[in-house]
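Structure first, then comments.
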Amino acid sequence: MKTNTYVYPHPINTFIIKQLGVTVEQFCELHGYPQSTVATWITRNRSVENLPASFIYSLSLAASRSMDVVYSDLLLLQDDYKQHLHDHRRTKKRIDG
């Protein structure tokens, strides 16, 4: 199955698709998160600073990286996302792995 890479470039979407190479739905299934909860975080532009530690831990397990590295990566992606929102409002963009 091909991963849709034309999505809102929220840090969660970008990290899961680009770094893990799976869809958000697949990640949620594998790690026991309701996909609707994660989708709500994305839709409501939840900041990285306000994500549950357990979610960042799950990302770190999936990426085989420490939590501090994943958190730093997410913060960088968040900076890119804020710039994208400033430049384009709420448009989608292609996230290639």
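Just so you know, all these numbers are worked out from the coordinates, no wet-lab data involved. Values in this document were obtained by computation on a predicted structure and should not be read as measured data. Here the Cβ positions follow ideal geometry from the backbone for every residue, glycine too, while neighbour counts run over all protein chains shown.
Here are a few things to note about the model shown:
- For the chain, size of Cβ-based charge dipole, Lys and Arg +1, Asp and Glu -1, in debye: 380 debye
- Ellipticity at 222 nm from helices only: DSSP H runs of n ≥ 4 in the chain, each -39500 (n - 2.57), divided by the residue count, give -17000 deg cm²/dmol.
- Read-out Cα Rg over 2.2 N^0.38 Å, derived from the coordinates shown; its label in [x] 1.25; [y] 1.30; [z] 0.99: [z]
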